1. Does the range 79-89 include one or more residues that are modelled with pLDDT under 80, within 19 Å of the chain's Cα centre (by Cα) and farther than 20 Å from Thr151 by Cα?
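The values are calculated or read from the model by the stated rules, or taken from the named source; none is laboratory data. Computed from a predicted model, the values in this text were never measured in an experiment. Here the Cβ positions follow ideal geometry from the backbone for every residue, glycine too, while neighbour counts run over all protein chains shown. Ligands, DNA and RNA are excluded from the accessible area calculation, which covers all protein heavy atoms including side chains. Shrake-Rupley method; radii C 1.70, N 1.55, O 1.52, S 1.80 Å.
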Amino acid sequence: TIYSLVWDDFCAFYIEVCKVQLQTHNQSTQAILVSVLERIVALLHPVMPFLTEEIWQHLKPLLNRPERCLSERKYPQIDIKLEAPTGYHQLEILQAINQFKGANNLGKKFKLDFYIAPDITDLQIIKDLTNADFSQDSKSKNGVINTPNFTLKYAKDALPKQQSAGINIEKLQKEISS
């Protein structure tokens, strides 16, 4: 769905991956982001014409497009000759770690060590975005996170005691005393 494309793929993954490159003012990364955003806005235009037109008018100077308004632009077409993009395993692992940290009230900077099958490579971007490490030691990992295509293992005793059960004791004590 368009929602999944925008929220899960573009916002939660691609923009996060690009943040480091954007800090160095990488022009090609900026151009790709603007181009993808313009296509997303065009996809949404039939459903949300006023909002998408306003966004497109702000993008227009960056796009160098001849159209005066978004409705004059051709609707984006699928090119079936294109191959499926690589990196979806990274997206799946990133989402699994972020969901796990959220469910256990762990901050983004909380460091965890995971085990994942050694044939999974290119994990540096996930390390940078989640503050996670990946080791080859699966014996000390007694917790499991299952995703549709992968299993991540972690050490349950590495979680803070108050959060391993999903309960924030300090927050409960404050609520009780007030």
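1. Checked against the condition, which is being modelled with pLDDT under 80, within 19 Å of the chain's Cα centre (by Cα) and farther than 20 Å from Thr151 by Cα, the range 79-89 yields at least one hit.
Quick grid of which residues meet (1) open to solvent by 40 Å² or more (accessible area, probe 1.4 Å); (2) under 23 Å from Thr130 (Cβ atoms):
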residue: Val6; (1), (2): no, yes
residue: Ile15; (1), (2): yes, yes
residue: Gln21; (1), (2): yes, yes
residue: Gln27; (1), (2): yes, no
residue: Gln30; (1), (2): yes, no
residue: Leu33; (1), (2): no, yes
residue: Arg39; (1), (2): yes, no
residue: Ala42; (1), (2): no, no
